[in-house]
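Asker: Here it is, the structure in full.
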Amino acid sequence: MTQILEDWFKRTLRIPLALSVTACAGAASAPVEKPEASIPPGYTTTRTGDMHDFDYFAGGWTTHQRRLKTRGVGSTEWEEFPATLCMSLYLGGLATVDELDFPTKGWAGLTLRTFDREKRQWSIYWVSSASGKMEAPVVGGFDGNRGEFYGEDRDNGRPVKVRYTWNKVDRSHARWEQAFSYDNRTWETNWTADFVRADPATTCEAGRPKRQAEGVTIHSAAPGASSAADEQAVAALDTQYQAAVAKGDAAAMDRILADDFVLVTGKGNMFTKADLLNEARGGKTVYERQEDSSQKVRVWGDTAVVTALLWEKGAEDGKPFEYRLWFSDTYVRTSTGWRYVFGQASIPLPGSK
């Protein structure tokens, strides 16, 4: 079974490497602009950037990964898992190196990025722990807070165009997506990652993700297992949910909330998933702050509880509000990853308005 998994990863691994948007295993050659009868929307290998594009990503990050179980067949079944990334700058930002660890997969990867001053373009090289080989690069750069990198590859023998897009959401959050084009006309998104900045002192060691002792293979967590990886995954997911609420991102909220989700407030009001999504889509509430602190995660088998102090500030229908309250969020492990199933909030603390 171990050999089968290793062979599968060598063929198909397309790791988002935190914000690294790396070259994929098996790429045929360095990207070259070629005349074609048709190309998928936006595809180019001449996109440029700035040598400081990746300065933002220095340090430690936790990430929630979502990946299609089967690509190129119209599947809608996803798997979810956590990862940790640590990145360092070299040569004043002309080169960066990061390592991404998947604690429940037993795999890791390293990304080397170099910036060509003359072309003003990044080349990104990926090395998988499965093979130890440096693969051909993908190229591109950032325009403002949005980065795009394009290249060519083969997916199970099928030639594909590859697109990586990701956004610097704010100082502590970023989102990455991978898509393939099999027909040179349309894109299929097959991998996404949401990143939350972490404290390098607790996440990284000598510039690398903290993990079990070297040489120890970490296999997929069994149902009922409790681990630091689960705590990290749930903490990151809960932080991502608060960020989605602040932005009114109903799509992200929909991915995190269980279908039978219920929220009970300190005033005794009850809200369902549909209620919260409708509120986000309505745009009546504008948040200036939606931040939690004193976050604590406890995991018991397939159930996790997050407690934290929430600070909300904004306006609803033009009427300003600001308050702090304690909340407890309950998550349950499902076949497709952790889901937020129940929330309970205290009454607003003294001084709220």
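Asker: Which loop GluC sites (Glu not before Pro) in the range 74-167, with loop taken from DSSP, have no more than 10 other Cβ atoms within 10 angstrom of their Cβ?
Answerer: Details: sites: GLU77, GLU79, GLU80, GLU99, GLU118, GLU135, GLU148, GLU152; in loops: GLU77, GLU118, GLU135.
Passing both the DSSP loop test and the Cβ count: GLU77, GLU118.
Asker: Follow-up. How large is the charge dipole for the range 164-214, taken about the Cα centre, if only the Cβ atoms of Lys, Arg (+1) and Asp, Glu (-1) carry charge, to the nearest 20 debye? Let's see the in-between values first.
Answerer: Working: 8 positive and 8 negative charges, 37 e Å.
Dipole about the Cα centre, nearest 20: 180 debye.
Asker: Can you list the lysines whose alpha carbon is less than 22 Å from that of LYS69, not counting same-chain residues fewer than 8 positions off?
Answerer: The qualifying lysines are LYS10, LYS105, LYS161.
Asker: Could you pull out the trypsin sites (Lys or Arg not before Pro) across the range 104-211 that fall in loop regions by DSSP (anything but H, G, I, E, B) with no more than 14 other Cβ atoms inside 10 Å?
Answerer: Numbers: sites: LYS105, ARG113, ARG117, LYS119, ARG120, LYS133, ARG146, ARG154, LYS161, ARG163, LYS168, ARG171, ARG175, ARG185, ARG197, LYS210, ARG211; in loops: LYS105, ARG117, LYS119, ARG120, LYS133, ARG171, ARG185, LYS210, ARG211.
Here the sparse-neighbourhood loop sites are ARG117, LYS119, ARG120, LYS133, ARG171, ARG185.
Asker: Based on the Cβ-Cβ distance of GLU118 and THR334, what FRET efficiency does E = 1/(1 + (r/R0)^6) give at R0 = 41 Å, to the nearest 0.05? Write out the running numbers ahead of the final one.
Answerer: Details: r = 50 Å, r/R0 = 1.22.
After rounding to 0.05, the efficiency reads 0.25.
Asker: Using r as the Cβ-Cβ distance of GLU322 and THR76, and R0 as 41 Å, what FRET efficiency do you calculate, to the nearest 0.05? Intermediate results must be reported in sequence, preceding the final value.
Answerer: Values: r = 40 Å, r/R0 = 0.98.
After rounding to 0.05, the efficiency reads 0.55.
Asker: How many nm separate the modelled label positions at ASP55 and ASP143, each set 7 Å beyond the Cα in the direction of the Cβ?
Answerer: 2.2
Asker: Would you list which lysines come within 23 Å of LYS247, measuring only between C-alpha atoms, while excluding same-chain residues fewer than 8 positions from it?
Answerer: Filter leaves LYS168, LYS273, LYS284, LYS313, LYS319, LYS353.
Asker: Shifting gears a bit: Separation between the VAL305 and MET134 pseudo-spin-labels, each 7 Å from Cα along Cα→Cβ, expressed in nm?
Answerer: 5.1
Asker: The range 280-333: which trypsin sites (Lys or Arg not before Pro) are DSSP loop and have at most 14 other beta-carbon atoms within 10 angstrom? Could you put the intermediate results ahead of the total?
Answerer: On the way: sites: ARG281, LYS284, ARG289, LYS296, ARG298, LYS313, ARG324, ARG333; in loops: LYS284.
Taking the range 280-333 and a limit of 14 other Cβ atoms within 10 Å, the loop trypsin sites (Lys or Arg not before Pro) found are LYS284.
Asker: Could I ask something else about it? Label points 7 Å out from Cα along the Cβ direction at LYS284 and ALA201: separation in nm?
Answerer: 4.4
Read the figures in this text as sums done on the coordinates, not as results from a lab. What you see is a predicted model, and the numbers here were worked out from it, not measured in a lab. Neighbour counts run over all protein chains shown; Cβ positions are idealised from the backbone, glycine included.
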